[in-house]
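Have a look at the structure below before the remarks.
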Amino acid sequence: MPKPKLHRQVTTLWDYPSQNYGKEDQGDKNYKGATPSYIIWNLLMRYTKEKDLVVDPMCGSGTTIDVCRDTNRRVLGYDINPFRSDIFRADARKLPLEDGKVDFVFVDPPYGDNIDYSDNPNCIGKLPAYEESYFTEMEKVIGEIYRILKPGKYMGLYVCDYFDKKKGFVPIGFRLYQILSLRFETVDIISVVRHNKTLSMGNYRKAADEGNFYLRGFNYLFIMKKPKVRK
Ligand SMILES: C[S@@+](CC[C@H](N)C(=O)[O-])C[C@H]1O[C@@H](n2cnc3c(N)ncnc32)[C@H](O)[C@@H]1O
């Protein structure tokens, strides 16, 4: 089936009914937690130009790398557990990059321990969102993003809140935004419609309805700018 045409999103509610655009896939749609590629495409169209250097410090299945190649941007993808050979092994809390050299950063981190990404003990996805250590470690990732970006340049952080019937609700989005806003200027906050399969599954919908809780219907996309002068 042909995928819908890509277009630049013009409101703060972003929606596109497919994981990928065009004839080929970007990243791997079977990778649990892969980012829908139109989100990265939209950010690159607005905040970068051809030949700019883009970094994804938690690159997963490589979606950012593929979108950068499609759009003629230079790219470096890192992950604690590289999924393919063009992703470098590195910890997002200590990137092998000089200060202030990067034009744009995209990051889609683990949302607490909602997905088992790998056995690597340094995976931030081992830390539950209802424990403070998740936010302490994410603060280090955000600090690194700030360090590697050129002043005046942009980053996008894509994240979802956490809910568990026993543990309750954790507003991951608000908490990470608080951390981001200590260093960065806010450009905008986007709500991205989720098209996860579980959202349309009858048993999940029934459990939410009967249990009086909500399934996660949107992700936050925080678009931030590194100020030209330190905050
Ligand atoms: C939500 S996934 C990223 C999905 C990716 N954007 C894609 O489209 O496939 C989060 C990634 O963070 C990685 N990760 C977790 N802790 C990390 C760390 N300390 N340093 C680097 N990567 C880490 C995981 O291995 C996982 O691949």
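The values are calculated or read from the model by the stated rules, or taken from the named source; none is laboratory data. Just so it is clear, the model here is predicted, and its values are computed rather than measured. Note: ideal-geometry Cβ built from the backbone for every residue, glycine included; neighbour counts use all protein chains shown. Heads up: the accessible areas ignore ligands, DNA and RNA and are worked out on the full protein's heavy atoms, side chains in. Shrake-Rupley method; radii C 1.70, N 1.55, O 1.52, S 1.80 Å.
Structure data summary
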item	result
Candidates Ile179, Ile124, Ile39: whichever shows maximal mean-square fluctuation once the chain is modelled as a Gaussian network with Cα springs under 10 Å	Ile179
DSSP beta bridge pairing in the chain, given as percent antiparallel to the nearest 5	55 percent
Size of charge dipole - the chain - debye, nearest 20, with Cβ of Lys, Arg +1 and Asp, Glu -1, no other charges	600 debye
Mean-position separation - Cα centroids, segment 41-71 and segment 151-223, in angstrom	22 Å
Two-decimal log10 I(q)/I(0) for segment 13-225, as the Debye equation yields it once each C-alpha is a single scatterer, q = 0.08, 0.16, 0.17 Å⁻¹	-0.26, -1.11, -1.27
Segment 13-225: relative contact order as a whole-number percent, Cα under 8 Å and 6+ apart	18 percent
Within segment 91-192, GluC sites (Glu not before Pro) in DSSP loop having at most 11 other beta-carbon neighbours inside 10 Å	Glu98
Exposure of Ser191 as accessible area (Å², to 10), given a probe of 1.4 Å and all protein chains	40 Å²
Among Tyr162, Ser191, Pro121 the positive-end extreme of the charge dipole of segment 13-225 (Cβ point charges)	Ser191
Structure-based [θ]222 nm, the chain - -39500 (n - 2.57) summed over DSSP H runs of at least 4, per residue, nearest 500	-7500 deg cm²/dmol
